[in-house]
Amino acid sequence: MLKYVIRRLLTLIPVLFIVSVVIFLLIHLVPGDPAAVMLGDQATPEQIAALRETLGLNEPLVLQYVHWVRDIFHGDLGTSLFMSGTMWEIIRSHMIPTVQQTLVAIAFATIVGVPLGMLAAVKRSRAADQVISAFSIIGVSMPSFLMGLGLVLLFSVKLGWLPSSGYKEIGAYGWGTHIRYLLLPGIALGFIEMGLIIRMTRSSMLEILGADYMRMAKAKGVSRFRMFARHAMKNALVGIVTVVGLAFISCLGGAAVTETIFNIPGIGKLTLNAVMRRDYEVVQAVVLVVSLLNVLCTLVLDLLYGLIDPRVRME
């Protein structure tokens, strides 16, 4: 296990190198002068030239990349031109709301999606299966922004049960208020993933229920509950864990839409604002950190496979 973890961690190096190159090129090859955008229309050519010199934009592109990577190895992700504090502090303060929203979304998608997927598999080709399958298709097809607006209209405007936007910290307002403000964005973000989890759970369960050993267990008189809980569910966990893990990665990287709709100060909204203001350092740092988190999440998924299914060898 330890050798496998070390080997997987070493594979992060070329992956992060490629990611860093792509990030840097995409940011710096965007048309327009970032110094002119930062200073505004009233800036003089002398002021623009001075800012370009300060930012190192007059240096060759390769040299700019080398300096950026060197600073990263020294723990320096850069300095924002529009926000105070270190880059680590900026990312941490905005990452916390995003992770909390993502956890609510995954909890909703899993709690609703897994039981419905199991029920659809057990009731295959019956009315319940058809209704649940149709519901999963709606979930996969419904855009997050449209679901978010619909939830606000229903639960905030019509019923008045939940707040329409905003974010409340746990320390200042408590868990109850904190969760109330995250429910609607969490459901909107996790609705698509719920549909995917339903479909994957149903597919995995149908494959297991149709296996030869399940027919043998049924012929031996094993109870339906034991067959389902001890054999089918356990063997279907690999597929379910896979789709849940990928859903977490998807929600973590795609929270910008719901954060904008519900006015949550998360990492997605930070990135959008940084792109609009041409705050290169923030965009580069955020994308690099999120990419690292995604790769680490895939590593955790691989480790979970070995714990769930002993047939998966990790040497």
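Quick notes on this one:
- Test: residue in the stretch 244-267 that is β-branched (Val, Ile, Thr), in contact with a His (Cβ under 9 Å, 6 or more places away or on another chain) and at pLDDT 75 or above: yes
- Search result, residues across the stretch 261-293 that are assigned to a helix (DSSP H, G or I), touching a residue at least 60 places away in the same chain (Cβ under 8 Å) and more than 23 Å from Ser84 (Cβ to Cβ): Ile261, Ser291, Leu292
Every residue, every condition in (1) surrounded by 15 or more Cβ atoms within 10 Å (Cβ to Cβ); (2) of a type outside the set (Val, Ile, Thr); (3) in contact (Cβ under 8 Å) with a residue 40 or more places away in the chain, yes or no:
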site: Thr110; (1), (2), (3): yes, no, yes
site: Ile132; (1), (2), (3): yes, no, yes
site: Phe135; (1), (2), (3): yes, yes, yes
site: Gly171; (1), (2), (3): no, yes, no
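- Taken over the stretch 50-74, the criterion of being in contact (Cβ under 8 Å) with a residue 12 or more places away in the chain and either surrounded by fewer than 17 Cβ atoms within 10 Å (Cβ to Cβ) or under 17 Å from Ile27 (Cα atoms) (or both) is satisfied by Arg52, Leu55, Leu57, Leu61, Gln64, Tyr65, Trp68, Val69, Ile72.
- Meeting the requirement of 1 or more residues that are among the small types (Gly, Ala, Ser) and under 19 Å from Thr110 (Cα atoms), the helices (runs of 4 or more DSSP H) wholly within the stretch 126-225 are 127-141, 144-151, 170-209.
- Test: residue in the stretch 152-159 that is of a type in the set (Gly, Ala, Ser) and either crowded, with 21+ Cβ neighbours inside 10 Å or within 19 Å of the chain's Cα centre (by Cα) (or both): no
- Residue check for Met1: loosely packed, with under 12 Cβ neighbours inside 10 Å, modelled with pLDDT under 75 and either in contact with a Leu (Cβ under 7 Å, 6 or more places away or on another chain) or of a type in the set (A, V, I, L, M) (or both): yes
- Condition met for Thr258 (hydroxyl-bearing (Ser, Thr, Tyr), part of a helix (DSSP H, G or I), touching a helix residue (DSSP H, G or I) at 6+ places or on another chain (Cβ under 8 Å) and surrounded by fewer than 17 Cβ atoms within 10 Å (Cβ to Cβ)): no
- As a summary of the residue check, Phe145 satisfies the conditions (1) surrounded by fewer than 17 Cβ atoms within 10 Å (Cβ to Cβ); (2) closer than 30 Å to Lys234 by Cα; (3) touching a residue at least 24 places away in the same chain (Cβ under 8 Å) except for the one numbered (2).
The values are calculated or read from the model by the stated rules, or taken from the named source; none is laboratory data. In this text, all values refer to a predicted model and were calculated from it rather than measured experimentally. Quick reminder, even Gly has a Cβ in these numbers, built from the backbone with ideal geometry, and neighbours come from all protein chains shown.
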